[in-house]
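The values are calculated or read from the model by the stated rules, or taken from the named source; none is laboratory data. In this text, all values refer to a predicted model and were calculated from it rather than measured experimentally. Here the Cβ positions follow ideal geometry from the backbone for every residue, glycine too, while neighbour counts run over all protein chains shown. The protein model used for the area step is the full one, side chains on, heavy atoms only, and it has no ligands, DNA or RNA in it. Shrake-Rupley method; radii C 1.70, N 1.55, O 1.52, S 1.80 Å.
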Amino acid sequence: EDDEEEPEDASDPSEGDGVEGEWESESSSSSPEDCGVPEASEPPGEEEVVSFGTLFYCFPGKSHDHSATKYVPPQVRKAQETLDDKKREELGRLKKMVNGLINRLSEPNLSSISGQMEELYMANSRKDMNETLTDILMNACVTAVAMPARLMMEHVLLVSILHHNVGIEVGAHFLEAVVKKFDELCRSDAEGKECENLLALIAHLYNFHVVHSLLIFDILKKLVSTFTEKEIELILFLLKNVGFSLRKDDALALKELITEAQRKANTAEKKLQDQARVRFMLETMLALRNNDMRKIPGYDPEPVEKLRKLQRTLVHSSGSGKETQLRVSLESLLSADQVGRWWIVGSSWSGAPMINDTNSKTQQKLHIGKVSSKIMELARKQRMNTDIRRSIFCVLMTSEDFLDAFEKLLKLGLKDQQEREIVHVILYCCLQEKTYNPFYAFLANKFCEYERRFQVTFQFSIWDKIRDLENLSATAISNLVSLLAHLLRAKSLPLSVLKVIEFSELDKPKVRFLRQVLSMLLIKTDAEELSDIFVRISDNPKLGMLRESLKLFLTHFLLKNVQAQKSAEEASLLKERVELATKALQAKEPKLKL
């Protein structure tokens, strides 16, 4: 019966044209012939074809696995085709507009072009704009020949302005594309200058506050770990562009990187043919560590500084721009397609770092749980009323030494406001001790050396204590004196920390406190170091009142009745040191010329 029906339907093809619909196969391999008459070579019964009017319905048999089909009405099909054509036309028009703006981009017209780009972002889909802008910039900047540095900086500055004014997803999309392309080219043996051009883009994204130094250090570590001649050239190129900025942002990480590079250079000495480039790289790193700009040939920070000033005028927000920096690692960018983009607000995230973060928090709680009940009771008595404060307190009480405490406190992974609690708890515990414990001073000094933000927090915390001296016990004041003198001697805090004291309204507690701090500082510090400490505040015109007040206090309050209070030897030494300090305070003062 099947054989009789099929020729009848197939004989009139014109009837099939009037069908109001179409059957589409979800598999690209399927075709209309699949639903036709079985060929002679096929055994009968494999596929059953039943016709209703002019439509064929195919029912796969048990022995033949046929792909599923779906019916698309003609009006839907036409609408989809119209939408696709319209979208394609809009994207083509958008690309032409963006391309025209990028082609005209230069420093003088950067303001007008960034304004027009912002209007395009407001009028079009951000996804389309991000993709279009990234494609055009990559085609313009990533070529087989080295691009002019000025051109690269202007293109990246435009991205930075849009990143700050439109939203961080602009810079994030561009950065991800650049980093992935850089990783891909590093793995291949590309002979051109594409890698250097991509690295220049990443370096300038850091210079214009789009990305944090964390990514730059990740890239440098990766290049140092490979350490072939190609990687050495890239390290030199990157350090020349951003080396001194890295030193300013994170000197400790740069020092560790230099140590690792020196170790790699020693082990790979025989493998590398061009020893001169390795030596030059190590000399450049040493110049960075010593902050010696003259030893880096061709280093000129002026173009970047000039464009940074322009950036500050074009960015709408009044902040420095560092709050919108993307603090994202190399690993996170490379695995963004698999685990998501946590650095973009509203983006999905299913990555392992989130799981690791939860595990680390659990480990912290477990670690604190292992602390004896005696320590926990002590924490309660000392009014450590939050989990963070209790954690910090337990670390301080159970650490072997200040280095152990420093490492454990960093591993707590506290951020921003939470980090300040470290300073508050250290200072609180130091003042609560019955006798002065230098452990807290060495730990405070370590944190001040690690990050400048800790130095600022210690300064503000000590100011609060100085203002509240009348409410502190004699033991607490004595401990505060010893801590402050230690931080001043170690140059962790400048002498300007005393500017909070109103010398014209000194009361007895403040006079006693100042006398103790300055006596300890003058007697226990070497002459050369003492001179350095006082010279640091001698050239700042804003500290003129502090200098005059200190000179007056040293001569009238400190040396007065010194013979009666101290031995002749101590009195003589103190007098000599006061003269030295007074000379140091006057060392760089502007002289009045008549």
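When the residues of segment 187-201 are narrowed to those that are assigned to a loop (DSSP other than H, G, I, E, B) and of a type outside the set (S, T, N, Q), which ends up nearest to the chain's Cα centre (by Cα)? Per the stated criteria, the residue is Lys193.
For segment 488-518, the set of residues classified as outside any loop (DSSP other than H, G, I, E, B), farther than 19 Å from Leu559 by Cβ and open to solvent by 10 Å² or more (accessible area, probe 1.4 Å) consists of Arg489, Ser496, Lys499, Val500, Ser504, Glu505, Pro509, listed by residue number. In segment 377-393, the residues that are closer than 21 Å to Asp404 by Cα reach residues that are of a type in the set (Gly, Ala, Ser) with C-beta atoms within less than 6 angstrom, at least six apart or across chains, in these pairs: Arg390/Ala379; Phe393/Ala379.
Would you mind stating whether Ile235 is of a type in the set (Val, Ile, Thr), outside the structural domain of Thr132 (by the TED database), at pLDDT below 90 and in a helix (DSSP H, G or I)?
Judged against the criteria, Ile235 is a match.
Per-residue answers, yes or no, for (1) over 16 Å from Glu233 (Cα atoms); (2) open to solvent by 10 Å² or more (accessible area, probe 1.4 Å); (3) assigned to a helix (DSSP H, G or I):
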residue	(1), (2), (3)
Ser160	yes, no, yes
His163	yes, no, yes
Glu169	yes, yes, yes
His173	yes, yes, yes
Leu185	no, yes, yes
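Rundown of residues vs (1) closer than 23 Å to Gln516 by Cβ; (2) modelled with pLDDT of 85 or more; (3) in contact with a Phe, Trp or Tyr (Cβ under 7 Å, 6 or more places away or on another chain); (4) open to solvent by less than 10 Å² (accessible area, probe 1.4 Å), yes/no style:
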site	(1), (2), (3), (4)
Leu409	no, yes, no, yes
Leu412	no, yes, no, no
Val425	no, yes, yes, yes
Tyr428	yes, yes, no, no
His486	yes, yes, no, no
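With the structure loaded, tell me whether Ile466 is among the β-branched types (Val, Ile, Thr) and in contact (Cβ under 8 Å) with a residue 40 or more places away in the chain or whether it fails that test. Criteria met by Ile466.
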